Amino acid sequence: MSTITIDAPEARPLYPSTTAHHQTQFQSIFKTIIWSAGVILFCLAMFDFYAQTYAHETEIALQKAQAAKLDLNKDLRMSDITPFISGSPSISTLPADRYTHMCKEMKQYTWNGFFKTYTLSLYVGLGENPSIDFVHGPGDVVEAKKRPRAPQIRKLKI
């Protein structure tokens with residue numbers, strides 16, 4: 001005689017594949033959320049990267065144009081800079097914060113990224129078509145104040 005065991009219906013799970021199905025569904029939803037967040041973060045980083053690139057390209061182009069004009073003993077004028085501006089920055093005119101002995105006005109070109117704002121400052125003279133005297137952009141290095149050195153401690157040999 002053979003023994004056949006019959007499980008009672010109460011002992012068997014009602015839907016045996018439900019837990020596995022919910023787990024795979026949860027994993028796919030989690031992966032989709034992670035990928036979506038990654039794509040959004042990548043797009044925002046690219047937006048910021050382009051703003052930074054436009055600001056640096058403009059700074060370098062204006063500095064090269066200013067050096068080329070200086071070699072010819074001419075000034076770079078505000079009317080000459082339109083082809084050197086990359087992207088579409090917002091422009092504002094402010095009183096000069098530095099070099100006030102030479103310049104009275106400062107034109108600020110601002111590129112807004114998502115994470116950071118990049119600003120290029122043009123210090124200009126007076127007049128209808130003023131000359132550009134200084135170009136300071138986001139790539140300029142600001143010198144740090146020198147800190148005094150700490151005295152060196154030497155160990156004494158005993």
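Worth pointing out:
- Region 87-128: number of residues that are in contact (Cβ under 8 Å) with a residue 24 or more places away in the chain and touching a Leu at 6+ places or on another chain (Cβ under 9 Å): 11
- Residue count for region 36-56 satisfying the condition of being within 30 Å of Pro83 (Cβ to Cβ) and open to solvent by less than 90 Å² (accessible area, probe 1.4 Å): 11.
- Counted residues, region 64-91 - those being open to solvent by less than 70 Å² (accessible area, probe 1.4 Å) and over 22 Å from Gly113 (Cα atoms): 9
- Extreme residue, surrounded by the fewest Cβ atoms within 10 Å (Cβ to Cβ), among residues of region 103-118 that are polar (S, T, N, Q) and over 21 Å from Ser131 (Cβ atoms): Asn112
- Candidate set from region 98-117 (those that are within 27 Å of the chain's Cα centre (by Cα) and not in a strand (DSSP E or B)); member that is nearest to Ser88 (Cα to Cα): Gly113
- Candidates Ile6, Ile33 - the one that is open to solvent by 100 Å² or more (accessible area, probe 1.4 Å), at pLDDT 90 or above and more than 20 Å from Tyr109 (Cα to Cα): Ile33
- Residue within region 59-69 that is assigned to a helix (DSSP H, G or I) and within 19 Å of the chain's Cα centre (by Cα) present: yes
The values are calculated or read from the model by the stated rules, or taken from the named source; none is laboratory data. Just so we're clear, the structure is a prediction, and the values are computed from it rather than from any experiment. Quick reminder, even Gly has a Cβ in these numbers, built from the backbone with ideal geometry, and neighbours come from all protein chains shown. Side chains are part of the model used for accessible areas, which takes the heavy atoms of the whole protein and leaves out ligands, DNA and RNA. Shrake-Rupley method; radii C 1.70, N 1.55, O 1.52, S 1.80 Å.
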